[in-house]
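One structure below.
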Amino acid sequence: MARPMTITEKILARACAQEEVRAGDFVNARLDLALANDITAPLAIQEFEAAGMTRVWDPEKVVLVCDHFVPNKDIKSAEQAKLVREFARRQGLTNFYDVGRMGIEHVILPEKGLVVPGDVVIGADSHTCTYGALGAFATGVGSTDLAAGMATGEVWLRVPETVRFNYEGEPGRYVTGKDYILYTIGLIGVDGALYQAMEFCGSAIKALSMDGRFTMCNMAIEAGGKNGIVEPDAITEEYCRGRALREPVMMKSDEGAQYERVIDIDVGSIELQVAKPHLPSNSVPASELADLKIDQVVIGSCTNGRIEDLRMAAEVLKGRKVHPDVRAIVFPGSQLVYQQAMREGLVDVFIDAEVAVSTPTCGPCLGGHMGILADGERCVSTTNRNFVGRMGHTGSEVYLAGPYVAAATAIAGTVAVPEEVLA
Amino acid sequence: MIFEGTAHKYGRDVDTDVIIPARYLNTHDPGELAAHCMEDIDRDFIGRVQPGDIIVADENFGCGSSREQAPVAIKAAGVSCVVAASFARIFYRNAINIGLPILVCPEAAVGVENGDRLRVDLDKGEVVNLTRETMYQADRFPEFMQEIVMAGGLMKHVKKRKQSGGANA
């Protein structure tokens, strides 16, 4: 009988065919999926080919998504995307997603059932940790690690210590997974979970939707975490039904598993959060920023670009107009999310409210294209980073929030909570 | 390996967006990336940096995006080594994988001032401050990572293992 392990340890033990692993062990884990995008794949492909590799280890398990600078924003980006496309064709990759079929990588991989509970996934994108919401181990790596993963189907990992976060209590109206995670990062800091697994537990997580869990795990990296993870349950099973392409392996942390720390959080005391420039840990109650004038609102991204997020935004925007001094842009996370939003009438709500609705892209989140900020401009965004220059000019500012606050802000023209505009 | 150069000192949480802003990620050419290295945190860096110079920073260097273009830009700018109180994990892996020497040395992060002359002995894990005549001891790489560094980077390590049948063929 192996000693008690956390869910992260159990997934990694299984992936390296050992009865048990401990935090601090170095393991070679077998991969279920290796992912890259149009910014990270070109470098990975170059490394892969320079090492004399000819075939990827499994053409069904290497996933390439063009989502950052597409639809191609300039000639150089077009060349990068072309390189990725040609490699995908040469290698016969089953899972290559391009304009019209793509979406933001961390929205479409779960949506298409490519990631299932129990998986080990690496992605050359730091927000790969999103898939922990499914009870998988998923972590971001660089292009060379990805190249090695594409070649061997394995990755070396140091088994992380785990910090357990217990979320208990009843959240206030409009308080979402985004508020939980911004509050948590504010509590522990941007390196508060450096190299560690962040295990999100407790009754408030059990009550959280899949989309809310994706949002939380997505931002584990913003606390320095190696992975975020939620134990799979009935909500996970329901999500996987009809979409999982492989048999899910549902794991749970053992009774008596060792944690580096346990942090208890009462969600009833969490107000709607906004993270001020220039770190995601600068979170404060939105109410403290009332009167702060905003030039742009962005709703979408791998953090908050799922259907539930768009429903929240539409709930606030319905029958109202965006403030004349604000440009509001909605980026559905995938073609499916877009279509679903249309079917539900959300796109009409947005357009009637004078919101621009865009094709899925990572564009504005990282200051790529489709919503770059000028010097001195301020944006409230449902994305994940507010570093200096993240969305454009180094003199611009990004305030991170959830869809409710973003939508309310779009209407008010200043940082606002839904109650202020719904009255 | 021994490096000698001038220290460029930064604070904590230097993120990869300021090391190489995303607006320049439409290329992976090291020279082009180097031309914009540290642009959003230190506009004069690229004009000042000399081959062999050393970046010294506080905690959590390289946080944020996984972009390997960040260590690539630093290396191509001529920086010989990055010394920090701690590194964000993806940057740490990327630096090792592409052969940019890094050292975890909280003492140096405290003691070194911008412009100090430093000598770094990577094998011994020593950072000598020539300006202040002090020595700081850094952590040594775990053995597992030394193997990768010795092989000349991750892909060479993988190739070697593949050839010896050590990994999935």
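The values are calculated or read from the model by the stated rules, or taken from the named source; none is laboratory data. Note that the coordinates shown come from a computational prediction; the quantities given were computed from them, not determined experimentally. Neighbour counts run over all protein chains shown; Cβ positions are idealised from the backbone, glycine included.
The single condition among (1) in contact (Cβ under 8 Å) with a residue 12 or more places away in the chain; (2) touching an Asp or Glu at 6+ places or on another chain (Cβ under 7 Å) that B:Met135 does not meet is (1).
Could you grab me the full set of residues in region A:304-321 that are in a helix (DSSP H, G or I), under 17 Å from the mean Cα position of the chain (by Cα) and buried (at least 24 other Cβ atoms within 10 Å of the Cβ)? Can you show your working first?
Residues of region A:304-321 in a helix (DSSP H, G or I): A:304, A:307-317.
From the residues that got through so far, the ones that are under 17 Å from the mean Cα position of the chain (by Cα) too are A:304, A:307-310.
Within region A:304-321, A:Asn304, A:Asp309, A:Leu310 meet the criteria.
Taking region A:18-57 as the search range and keeping residues that are among the β-branched types (Val, Ile, Thr) and assigned to a loop (DSSP other than H, G, I, E, B), which one is farthest from the other protein chains (Cβ to nearest Cβ)? By that ranking, first place goes to A:Val21. Any idea which of A:Glu60, A:Glu79, A:Glu86 is charged (D, E, K, R), farther than 26 Å from A:Met198 by Cβ and within 14 Å of chain B (Cβ to nearest Cβ)? On inspection, the qualifying residue turns out to be A:Glu79. Applying the criterion of at least 1 residues that are touching a Gly at 6+ places or on another chain (Cβ under 6 Å), facing chain A (nearest Cβ under 8 Å) and buried (at least 24 other Cβ atoms within 10 Å of the Cβ) to the helices (runs of 4 or more DSSP H) found wholly in region B:62-169 leaves B:89-98. Filter the helices (runs of 4 or more DSSP H) completely within region A:91-195 down to those with at least 1 residues that are surrounded by 24 or more Cβ atoms within 10 Å (Cβ to Cβ) and at the interface with chain B (Cβ under 9 Å from one of its Cβ atoms). Helices (runs of 4 or more DSSP H) meeting the threshold: A:143-152.
Among the residues of region A:327-345, the ones that are buried (at least 24 other Cβ atoms within 10 Å of the Cβ) and closer than 22 Å to A:Ile294 by Cβ come to 4 in all. Scan region A:273-290 and tell me whether some residue there is of a type in the set (Ser, Thr, Tyr) and not in a loop (DSSP other than H, G, I, E, B). Within region A:273-290 (the criterion being of a type in the set (Ser, Thr, Tyr) and not in a loop (DSSP other than H, G, I, E, B)), the answer is yes, since at least one residue qualifies.
Table: residues versus (1) of a type outside the set (Lys, Arg); (2) touching a Pro at 6+ places or on another chain (Cβ under 6 Å); (3) more than 20 Å from A:Ser126 (Cβ to Cβ).
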| position | (1), (2), (3) |
| --- | --- |
| B:Met1 | yes, no, yes |
| B:His8 | yes, no, yes |
| B:Thr16 | yes, no, no |
| B:Ile46 | yes, no, yes |
| B:Asp58 | yes, no, yes |
| B:Gly64 | yes, no, no |
| B:Ala73 | yes, no, no |
| B:Cys81 | yes, yes, yes |
| B:Ala85 | yes, yes, yes |
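Residues in region A:44-70 that are closer than 28 Å to A:Gly333 by Cβ, acidic (Asp, Glu) and touching a Ser or Thr at 6+ places or on another chain (Cβ under 7 Å): A:Glu60, A:Asp67. When the test is whether a residue is at the interface with chain A (Cβ under 8 Å from one of its Cβ atoms), at pLDDT 95 or above, surrounded by fewer than 24 Cβ atoms within 10 Å (Cβ to Cβ) and at negative phi, B:Asp58 does not pass it.
Take the conditions within 17 Å of the chain's Cα centre (by Cα), surrounded by 19 or more Cβ atoms within 10 Å (Cβ to Cβ) and closer than 26 Å to A:Val388 by Cα and apply them to A:Ser301. Does it pass? For A:Ser301, the condition - within 17 Å of the chain's Cα centre (by Cα), surrounded by 19 or more Cβ atoms within 10 Å (Cβ to Cβ) and closer than 26 Å to A:Val388 by Cα - is met.
Among the residues of region A:40-47, is there at least one that is closer than 21 Å to B:Asn97 by Cβ and among the charged types (D, E, K, R)? Spell out how you get there, then give the answer.
Step one: filter region A:40-47 for residues closer than 21 Å to B:Asn97 by Cβ, giving A:40-47.
Filter once more, keeping what is among the charged types (D, E, K, R): A:47.
The answer is yes; a qualifying residue exists.
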